[in-house]
Every structure is written in C-alpha cells, then in structure tokens.
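Here is the structure we will look at.
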Amino acid sequence: MSNETGGPLPLAGLVVLDVSSFIAAPAAAVALADFGADVIKVEPPDGDPHRQSYNSANYPRGDKQVNFPWQLDGRLKRSIALDLKNDQARAVLARLIKRADIMIVNFPPPARERLRLRWEDIEPVNPRLVYCSLTGYGETGPDRDRAGFDVTAYFGRSGILDSARYEDGPPGLSLPAQGDRATAMTLVAAILLGLRHRDQTGKGCWVGTSLYANGVWANGTSAAGALVGAKLLPRQSPDKPRNALTNLYRTKDDRWLQLIMVRDDRLFQPFCRAIGRDDLLADPRFADRERRKEYAIDLHRELAPMFAEKTYEEWERLLSPLGIPIGVIGRLADVIEDDQAQHAGIFADTTNPEIPRTVNNPIRLGFARPRTAGPPPKIGEHSDQILRELAYSDGEIAALKKSGAFG
Amino acid sequence: MSEYALPLAGLRVLDISSFIAAPAAAVVLGDWGADVIKVEGPEGDPNRRIMHDSSNYPKSEVNYPWEMDSRNKRSIVLDLKKPEARAALDRLIATSDVLICNFPPPVRDKLRLAYEHTKKVNPKLIYASLTGYGETGPDRDRPGFDATAYFARSGLLDAQRYEGGPPGVPGPAQGDRATAMALVSAILMALIHRMKTGEGSWVGTSLLGNGLWSCGVIAQGALVGAFLPPRPPPDRPRSALGNIYRTADDRWLQLTIVRTDKLWAPLCQALELPELIDDPRFAVEAERRTRSAELAAILSTTFAKKPYEHWRKALAAREVTFGVISRPQDVPDDEQAVACGAVVETAIANMPRTLSNPIRVSFAEQRKAHPAPALGEHSEQILRDAGLSADEVAALRQSGAMR
C-alpha cells in the first residue's frame with residue numbers, strides 16, 4: 001500500500017535545463033520537477049510558443065480566459081530568457097550546462113546543428129550530463145529533420161488514427177497533446193536510465209525518444225500484428241459488433257456503457273442469470289464463445305433494447321458485483337468530480353490561484369509526494385537570479401542585457 | 001555501443017501480472033538487461049490466448065501479442081492458492097529486486113501479496129503496483145482494462161468523437177502500453193531511492209491516472225471550467241489548417257499548421273493556389289477561422305485532385321507541417337520506423353521483426369527479442385537458482401503447487 005509520506009524527493013538536488021518547446025519534452029521536465037528537480041526553462045526572448053497554445057481552435061474554451069495549458073506544463077519551473085543566436089547568450093548557456101545534471105532538447109536536428117546544441121557539442125562542456133533528445137521522427141532517416149507534432153508523428157504516422165475509425169468513417173480523433181504527454185513518461189524513463197548509467201560509470205550520456213516510436217509502441221499490438229501480416233479488421237459501428245459482449249451500448253439516460261466481457265467463458269452464464277435472460281443460455285446460437293461471436297449481431301439485437309431500459313447507474317449496480325467489467329464513457333465534466341480520481345491521486349491542489357487544481361503526473365511513490373504546484377514563470381522571470389547562481393556579477397548581468405543576450 | 005553492461009543487468013524482476021500494461025513494463029526492464037521471471041498460475045497468463053479470445057485482435061498463425069509482451073522472460077508456474085507454492089514464492093521474493101503486481105487489491109490480500117507482506121520478506125524490494133483505478137476509493141477493487149479505465153472513464157473516448165457520432169475507439173492495448181512507461185519510470189525512481197537510502201519501497205500507477213495524464217490539457221481545462229466544443233466532422237472544421245483531407249488515391253492527409261501566420265503563403269504555393277494568399281476572405285487568421293468551412297471546401301477539392309505522394313513532396317518542400325494517416329500495415333515498411341528504432345529484428349524464427357520499446361540510450365542497445373516462454377518452461381531452473389533442493393522441487397511438483 002502507498003503510505004505516501006512526505007519524505008525527501010528522489011530527484012532533489014538535480015538541475016534540469018529544459019531547452020524545449022511545446023509539450024512532450026516540457027511535460028517530461030514537469031514530471032522531474034514534481035519529484036524534486038530544479039528545472040530551469042531556457043526560453044527564447046519571445047518565450048516558448050506553448051505560452052500561446054490556449055488560443056488554438058482545438059483547445060478547450062471557458063467563460064474566462066485562463067492560460068491553463070501553460071500553467072500545467074510550466075509548473076515548478078524557473079525561466080531564463082536567452083537569445084541563443086547571440087554569442088554572449090551562448091556563453092551563459094555553457095555555464096548553465098556546466099552545472100546541470102540533465103538537459104532536455106527538442107529542436108529539430110538542423111536547428112541543433114546551427115545552435116551547436118547536439119550531444120557532441122555539449123559533451124565536451126559537461127561530460128557528466130544526461131542529454132535527453134526528443135524528436136518527431138528519430139535521429140536519422142529521411143524524415144529526421146521534419147518537425148513533428150503529436151497529431152502527426154504519434155497519432156497519424158503510427159497508424160493509431162487509422163485503427164481508431166469505424167468502418168467507412170473518417171480517421172479517429174486525438175486530443176490536444178494526448179500523445180505528447182504519454183511520450184513524456186518515456187522521456188522520464190530514459191532520463192532515469194541515463195542517471196543510473198551515470199551512477200554506475202561516472203559518465204554522462206545521450207538518451208532520447210521520438211513521438212513516432214511512442215505512437216508505434218502504443219499501437220504495438222496492431223503494429224506487431226502488421227509485422228506478421230495480420231491486418232486489423234475495420235471496427236464495426238456499435239450496432240454491428242464482431243463480439244456483442246465487448247461492445248458499446250446506449251443506456252436509458254443517454255450515456256454509453258462499455259461491456260468488456262473478455263472472459264465470457266466464465267461470465268456469460270452469471271450475466272444472463274443477472275439480467276433474467278436464462279433463455280439466452282438455452283439458445284443454441286449463443287451456446288459457446290465461437291457461436292456467440294458468429295451470432296454477434298443477433299446477440300446484439302437481444303442486448304441493445306435491454307440496455308436501453310436501465311440507466312447507467314442501475315447497470316453498474318447490477319453488473320459490478322458479478323465481476324463483469326463495464327465502463328462508462330466518462331465525461332470530463334464528471335471526471336473532475338470523480339471520487340475515485342481523487343483516491344487515485346490524479347488531481348492535486350495547487351497554490352496557484354489561476355488553477356486551484358491540477359493534473360498530477362501518473363507516477364506514485366510510497367516514499368515521497370510530488371511537489372505542490374505554484375504559478376509557472378513569466379518569460380525570463382528568474383534570469384537575474386539564475387545568473388547570480390552562476391556567479392555573474394551585477395555588472396556582468398547589466399552588460400549581458402545591453403548586448404541583447406536576453407533579446 | 002556495448003562497451004557498458006546494460007543499465008539494468010543484474011536486477012531480478014518478478015512479473016506477477018497478467019494481460020498487458022504491467023507485463024509490458026516488465027518487457028521494458030528486460031529489454032534493458034533485467035532478468036525477468038514471469039510467475040503464472042496453472043492456466044497461464046490469459047494474454048497467451050488474447051489473440052484468439054478478442055475479436056478486436058488481428059489474427060495470425062504467430063501469437064504475436066504474447067511474443068511481444070513476454071520476450072526475454074522466463075516462466076514459472078506456481079499455484080499461489082497452495083501454501084507450498086506461496087512459500088516458494090517467498091524464496092523468489094527474497095532474492096529479487098523488483099516485484100510487479102496487478103492483482104486487484106482483494107486478491108493481493110487473499111494471497112498475502114500486498115506490499116506489507118512482501119516487505120517483511122525483503123525490505124529492499126521495490127514493489128510496483130498497477131491498478132485500474134488506484135489503491136483506495138470506491139472502485140479500487142474493480143478490475144480495470146485500458147478500454148474501460150484508461151480510455152472510457154477518463155473522458156478520452158467521449159472527447160474523441162465527431163459531433164453526433166458514437167464515442168471514439170481505442171486500439172488494442174494502446175493505453176496499456178503508454179501506461180507501461182509510467183510504471184517503468186516509477187520503478188526507476190524507486191531504484192534511485194534505494195541507492196540513496198538502501199531501502200525498498202512501494203511505487204505504482206493506475207490506468208485511470210495515465211488516461212487522465214495523457215489528456216491532461218483537456219482535463220486541466222475541465223478543472224478551470226473550459227471544455228472542448230464537440231468536434232465538427234472534417235467538412236466543417238474549426239480550423240481548415242488543422243484538418244484532415246482525402247487525397248486522390250483515397251488516403252488521408254492531416255494538415256497541422258499551428259503557426260498559421262508563417263505558413264499560410266507556403267501552403268497556398270504548395271497547393272498551387274497563389275491567388276489565395278492575398279484573397280481578402282482568407283488573408284488573416286481571424287478571417288480564415290470565420291470562413292473555415294469555405295476554406296476547407298477549397299482545400300478538400302484541391303487535395304482530392306492529386307495523390308498523397310504528390311502532396312507529401314509539395315508540402316515538405318515548403319516546410320508546411322502535415323502528417324499522413326498511416327495504416328498499421330504501412331508502418332513495417334516505413335524506413336523512418338526503422339530509423340527511429342521502433343521496428344527491430346528478433347531472434348524469433350516465425351516473427352523476425354518486432355517493436356522495440358521507445359527508450360533510446362547512447363551507451364547500450366536493447367536486448368534482442370527471443371521467443372516468449374512456454375508455460376512453466378523455467379520452473380525448475382528458477383527454483384533451483386533460488387536455492388531449493390531437487391527434492392524440494394520434486395515435492396512441489398507432486399503437490400500440484402508448481403508445474
């Protein structure tokens with residue numbers, strides 16, 4: 001059991017340079033900060049463009065304009081604004097790199113070359129650094145230089161959206177940053193492996209992942225099937241299922257209930273008894289698993305009107321005690337009030353009046369709690385503070401400002 | 001590449017879990033060198049049969065889901081309801097570093113496999129728990145699957161629908177595999193903690209938590225009262241520059257232009273519609289939004305005239321961001337899928353290629369996949385390694401506690 005004590009955080013004392021933009025890479029830095037790392041966001045003078053994402057047509061809208069995506073992905077970070085094209089700013093970055101443990105970069109490879117920010121450029125400056133690279137499509141190959149977003153690299157290219165469509169329908173939909181945030185967990189794992197390597201050998205290293213590889217990994221079952229020539233059948237719409245016992249049904253209160261009776265060998269009988277349909281057990285069309293699949297449409301015809309007679313709540317009360325897996329198609333409006341989500345440690349209170357509650361990263365530790373989030377930094381909010389930590393004098397800082405190193 | 005040992009070499013992992021998310025995390029640890037022992041009941045992990053049991057799985061002669069989720073593991077069969085088997089498991093726990101468990105909490109209590117129990121046997125053990133819905137609360141005992149806990153309960157499927165349409169459809173095990181990476185991260189955090197303090201610990205994650213993390217942007221939106229408007233179908237998008245279009249050869253192409261100010265002119269050039277650049281109807285972003293259906297109609301007619309390959313080159317030449325909607329069967333032959341390390345070779349005769357886990361490091365390569373174990377293939381070897389005598393092993397076998 002999780003006796004979540006407030007013990008020392010596992011990443012306390014580590015300095016992370018978040019030289020990245022938008023979501024997957026910065027979200028990995030967030031998870032490191034949650035567990036104690038000191039994350040310094042190195043931003044261009046006009047800031048990470050993700051500061052403006054909330055204006056996107058595909059982002060949620062509310063009555064008042066809260067910049068919640070930035071609040072989420074900028075939490076617990078400090079910001080220094082540096083114009084990396086400026087030589088003096090570049091010298092500041094080198095000093096930051098010297099005392100950092102981890103550096104996260106997601107520039108496309110050509111920009112890294114231009115800015116001399118590849119691992120081979122950085123390693124001489126700090127050979128103990130864990131350099132973490134995120135790309136859209138990998139470090140080599142015909143598309144390595146292409147900018148990748150989660151909707152293109154993670155969802156589109158990997159085959160997920162094609163798999164997620166109903167027969168003859170348009171491709172499935174992904175949500176803003178959905179693949180980015182899943183990819184962030186891979187980056188965290190890669191970084192922790194890198195730290196382990198450093199502990200074992202005393203040497204830094206390059207670690208990384210790509211949005212494309214993460215999409216393929218998530219879609220791994222279908223992709224592994226494709227590798228042996230097995231093709232995913234198009235998903236039939238809920239009224240024409242291939243298996244009526246793993247299907248969607250609309251309930252009386254116009255919600256969708258998802259029946260997931262994978263072990264129908266064990267569960268079909270108690271299910272029929274519970275719904276008062278012993279006749280289905282006697283029906284030769286539904287006598288065993290193979291026949292239930294063969295006659296899936298017939299079985300659906302029996303079940304659909306029945307599911308429409310009770311509310312979701314009533315179904316849950318009836319089926320849950322039997323161990324029959326069902327799921328509601330949750331609506332976010334309900335999820336944020338879901339008692340179980342609180343128990344699972346999914347949401348956390350913040351000290352940030354703009355967003356009093358936030359979404360925790362999904363890692364739970366018995367020995368430490370994630371840090372409480374405050375407001376994310378303004379562009380360059382901590383520039384002076386960070387420079388002083390690097391032993392820059394007031395005079396030097398003033399000179400840097402004048403030189404345009406901060407934009 | 002291989003001058004160093006794999007980063008997890010020397011670690012022993014007990015995979016006491018079934019189906020996909022938790023076993024997939026064990027796969028990743030095995031890929032990086034851990035010795036993974038799969039502890040199965042007499043009937044074996046039901047994932048051995050899922051390809052046949054689930055209608056949503058592509059069928060094949062090769063049991064590819066099982067091969068993928070069990071590569072490089074050894075298998076021991078223990079009937080944990082029998083006290084002799086449970087005692088043998090303690091011997092394994094005493095010599096292991098990590099235990100991965102995804103039994104629902106009541107089963108853990110019944111089998112004395114909660115963290116409190118294993119901690120007494122091995123205080124340095126890292127106990128990694130996967131649940132559907134968390135460790136406490138009204139639904140903690142409910143079995144969770146990725147379709148229910150990760151996708152449905154989290155609000156993902158409701159949000160992934162076109163206006164008026166049915167909920168979105170998750171691909172098989174899609175949320176499970178994403179969750180596996182969070183579980184791996186949790187275990188690696190615990191290894192750091194153990195190195196610093198010498199102590200084992202409990203770590204874990206839930207499918208529901210991972211589903212909500214992945215849709216964190218819209219979940220955070222909901223927390224401040226901001227919601228996604230229903231997604232209009234492709235012929236009346238909110239933004240015509242962030243929309244999908246069908247090409248002449250019946251494929252789909254996805255425009256994902258975020259920085260519309262910069263890319264509007266290059267897009268018009270790529271589409272050979274230069275007159276649109278300064279067309280007052282579309283010249284500024286606000287106008288393009290207002291007239292998005294009108295603009296989508298123009299783009300849709302244009303994209304339908306030429307095949308995907310033409311558009312791919314034309315857009316790439318002008319650095320316009322877009323993606324193709326690949327079909328899963330396109331991925332194995334995609335050179336870039338090999339370049340990014342997603343598709344790798346195996347040592348499995350009837351499944352020569354598989355998917356590597358998405359972590360890349362400069363100092364080591366993931367282990368090559370060898371065939372997944374037969375049920376109980378390594379039972380005797382594993383018990384002998386744990387210090388049981390040949391007689392003890394024979395007695396266990398005879399009692400039916402082990403196979």
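None of the figures in this text is laboratory data; all of them are computed from the coordinates on show. All of these numbers come straight from a predicted model, not from anything done at the bench. Glycine gets a Cβ as well: all are built from the backbone with ideal geometry, and neighbour counts include every protein chain shown.
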Response to the item:
Distance in Å, no decimals, from the C-alpha centre of region B:251-267 to the one of region A:344-407 is 33 Å
Worksheet item: Of A:ARG99, A:ARG331, A:ARG181, which has the largest mean-square fluctuation in a 10 Å C-alpha GNM of chain A?
Response: A:ARG331
Worksheet item: For region B:229-351, with only Lys/Arg (+1) and Asp/Glu (-1) charged at the beta-carbon, what is the dipole magnitude about the Cα centre, in debye rounded to 20?
Response: 460 debye
Practice prompt. Express in whole angstrom the spacing between the alpha-carbon centres of region A:1-75 and region B:303-342.
Written response: 31 Å
Worksheet item: Mind checking the alpha-carbon convex hull of region B:1-158 and giving the volume per residue in Å³?
Response: 147 Å³
Item to complete: Over the whole of A:255-265, what's the average partner chain Cβ count within 10 Å per residue? Rounded to a whole number, please.
Response: 4
Worksheet item: Taking one equal scatterer on every alpha-carbon of the protein assembly as shown, how large is log10 of I(q)/I(0) by Debye at q = 0.05, 0.08 1/Å?
Response: -0.25, -0.66
Discussion item. Per-residue Cβ counts within 10 Å, from other chains only, averaged over A:137-145: what number is that?
Written reply: 5
Item to complete: List the lysines whose Cα lies under 30 Å from the Cα of A:LYS310, skipping any in the same chain that are fewer than 8 positions away.
Response: A:LYS240, A:LYS252, A:LYS293
Worksheet item: Could you list log10 I(q)/I(0) for region A:48-174 at q = 0.14, 0.16, 0.18, 0.19 Å⁻¹, which the Debye formula gives when each Cα is one point scatterer?
Response: -0.86, -1.04, -1.17, -1.22
Practice prompt. About the Cα centre of chain A, how large is the charge dipole given +1 on each Lys and Arg Cβ and -1 on each Asp and Glu Cβ? Please answer in debye to the nearest 20.
Written response: 740 debye
Item to complete: Please state, rounded to one decimal and in Å, the Kirkwood hydrodynamic radius that chain A gives when every pair of distinct Cα atoms enters the mean of 1/r.
Response: 24.4 Å
Response to the item:
The Rg/Rh figure for region A:306-358, Cα atoms and Kirkwood Rh, to two decimals is 1.14
Worksheet entry | Peptide ranges B:321-334, A:202-215 listed from the most packed, as the mean C-beta count within 10 angstrom indicates | A:202-215, B:321-334
Worksheet item: When the C-alpha atoms of region B:258-324 are aligned to their principal axes, what extent does each axis show, in angstrom, from largest down?
Response: 31, 22, 20
Discussion item. Given Cβ point charges of +1 (Lys, Arg) and -1 (Asp, Glu) and nothing else, what value in debye, to the nearest 20, does the dipole of chain B about its Cα centre take?
Written reply: 560 debye
Fill in: Inter-chain shielding of B:234-240 (mean C-beta neighbours from other protein chains, 10 Å cut-off)
2
Worksheet entry | Helical contribution to [θ] at 222 nm, DSSP H n ≥ 4, -39,500 (n - 2.57), averaged over the protein assembly as shown, rounded to 500 | -10500 deg cm²/dmol
Worksheet entry | region A:320-407: Cα Rg divided by the 2.2 N^0.38 Å rule of thumb | 1.84
Fill in: Orientation-averaged projected area, Cα convex hull of chain B (nm²)
24.0 nm²
Item to complete: Considering the options A:TRP217, A:HIS197, A:SER237, tell which one lies farthest towards the positive end of the dipole of region A:182-297, charges being +1 on Lys and Arg and -1 on Asp and Glu at the Cβ, about the Cα centre.
Response: A:HIS197
Item to complete: List the pair-distance distribution P(r) of region A:117-275, using every Cα-Cα distance, as the percent of pairs falling in each 5 Å bin from 0 up to the bin containing the longest distance, rounded to whole percents.
Response: 2, 8, 11, 13, 14, 13, 11, 8, 7, 5, 4, 2, 1, 0, 0
Item to complete: Give the residue from B:LEU130, B:LEU89, B:VAL28 lying farthest towards the positive end of the charge dipole for region B:1-154; charges sit on Cβ (+1 for Lys and Arg, -1 for Asp and Glu) and the dipole is referred to the Cα centre.
Response: B:LEU89
Response to the item:
Distribution output for region B:130-225: share of Cα-Cα pairs per 10 Å bin in percent, first bin at 0, values 16, 38, 31, 12, 3, 0
